[in-house]
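**Q** The following block contains the structure, expressed as structure tokens.
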């Protein structure tokens, strides 16, 4: 494992991922033909500056500064592992209603494979897009 990846794993495991209640925004673009969900999320964030993505936390900012952004086509497996660790911690710390831009999320995506299972386990999260989280999750099962 190269030094940059070693740093990335350390950041993903320890850097701050905390956000205020009802502020978490998620999007899914992995394995999709476009980045529409990310563009919608970015526009939503622009209009709602009190909302936060993982990218807006200390952890996300440090990972991006290392050059570890992922795209929508064929994401690098090691980079996906780093973001999965950070995403899991991000969701474990989240509270309240989450806002998600996840239309057509692929079952291999971080949202479906990591974040959604953690959302369902987190008793502090009740709703996604103001819909009961269990009802919201049904469309991805």
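Values in this text are rule-based calculations from the coordinates and carry no lab data. Computed from a predicted structure; not experimentally measured. FYI the Cβ positions are ideal-geometry reconstructions off the backbone, even for glycines, and counts take in every protein chain you see.
**Q** Tell me, what is the percent relative contact order of the stretch 54-130, built from C-alpha pairs under 8 Å that lie six or more residues apart? Could the numbers behind the result be given before it?
**A** Details: 59 pairs, mean separation 24.0, N = 77.
Taking the mean separation of contacting Cα pairs over the length of the stretch 54-130, I get 31 percent.
**Q** Now a separate question. Give me the one-decimal Kirkwood hydrodynamic radius in Å for the stretch 5-56, with the sum taken over alpha-carbon pairs.
**A** 12.7
**Q** Looking at the chain as a GNM with Cα springs under 10 Å, which of 77, 94, 86 has the largest mean-square fluctuation?
**A** Judging by the Gaussian network model, the answer is 77.
**Q** Quick one: order 54, 68 by neighbouring beta-carbon count within 10 Å, fewest to most.
**A** Ascending number of Cβ neighbours within 10 Å: 68, 54.
**Q** Can you tell me, using C-alpha contacts under 8 Å and at least 6 residues apart, the relative contact order of the chain as a whole percent?
**A** Reported as a whole number, the value is 32 percent.
**Q** In addition: Can you give the percent of C-alpha pairs in the stretch 3-140 whose distance is more than 22 Å? Walk me through the numbers before you get to the answer.
**A** Numbers: 2994 of 9453 pairs.
The share of Cα pairs beyond 22 Å in the stretch 3-140 comes to 32 percent.
**Q** How would you rank 57, 95, going from fewest to most other Cβ atoms within 10 Å of each one's own Cβ?
**A** Fewest-to-most ranking of 57, 95: 95, 57.
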